[in-house]
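Below: one structure, written as structure tokens.
The values are calculated or read from the model by the stated rules, or taken from the named source; none is laboratory data. Because the structure is a prediction, the values reported are computed rather than measured. A quick note on method: Cβ atoms are made from the backbone with ideal geometry, for glycine too, and the neighbour counts reach across all protein chains shown. We work out accessible area using only protein heavy atoms, side chains counted, and drop any ligands, DNA or RNA first. Shrake-Rupley method; radii C 1.70, N 1.55, O 1.52, S 1.80 Å.
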Amino acid sequence: MPYIVAYVAAVPSTEKDAYATHVEEATRIFKKHGAVRCVECWGADIPPGKLTSFPLAVKCEPDETVVFGFAEWESKPAHDEGMPKVMNEMRDGMTAGSLAEPPFDGKRMIFGGFDVLMDL
């Protein structure tokens with residue numbers, strides 16, 4: 001059964017191109033280590049909400065855009081095997097490579113893993 005790791009973050013609106021470059025490199029790493037699909041979405045119609053919302057969840061500032069993305073894995077065991085490799089390679093890239101200085105505040109990112117309940 002597929003396993004999904006999804007996240008939501010706030011990215012400075014002026015950094016859309018830098019973000020696209022960043023996630024292209026990250027996607028290459030995810031797929032190298034077993035992810036079968038990666039999807040990135042740039043917010044287009046994200047209502048602010050009063051009690052909760054995507055913008056509130058990531059403390060989105062007025063000059064930022066909410067992004068949503070996910071990586072699909074063949075299974076939870078495939079994720080559990082591949083994700084440590086992804087994190088090691090991402091860490092290396094952040095300290096010495098093309099992933100240095102991500103164009104968003106990772107402390108405000110929310111993420112989690114999900115079993116697929118339905119896929120029509």
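Observations
- Whole-percent carbon and sulfur share, accessible surface of the chain, 1.4 Å: 59 percent
- Projecting the Cα atoms of SER53, LEU99, GLY69 onto the dipole axis of the stretch 48-120, where Lys and Arg carry +1 and Asp and Glu carry -1 at the beta carbon, places SER53 farthest toward the positive end.
- Phi-derived couplings, Karplus 6.51 cos²θ - 1.76 cosθ + 1.60 at θ = phi - 60°, listed residue by residue for the stretch 24-29: 4, 5, 4, 4, 4, 5 Hz, with x used for Gly and Pro.
- Candidate aspartates and glutamates - alpha carbon under 17 Å from LYS16, same-chain residues fewer than 8 apart omitted: GLU24, GLU25, GLU40, ASP45, GLU61, ASP63, GLU64, GLU101, ASP105
- Simple spin-label estimate for TRP42 and GLU81 in nanometres, 7 Å along Cα-Cβ: 3.6 nm
- Amide H contacts for ASP105 (H built 1.01 Å from N in the peptide plane; partners 5 or more residues away or on another chain; cut-off under 5 Å): ALA10.
- Rounded FRET efficiency, nearest 0.05, which uses the C-beta distance separating GLU25 from THR52 and R0 of 35 Å: 0.65
- Charge dipole of the chain about the Cα centre (unit charges at C-beta), most positive-ward option of ILE4, ALA26, ALA44: ILE4
- Cβ-placed point charges (K, R +1; D, E -1), dipole of the stretch 14-120 about Cα centre in debye, nearest 20: 220 debye
- When shorter helices are ignored and each DSSP H run of at least 4 residues is given -39500 (n - 2.57), the per-residue value for the chain at 222 nm works out to -11500 deg cm²/dmol.
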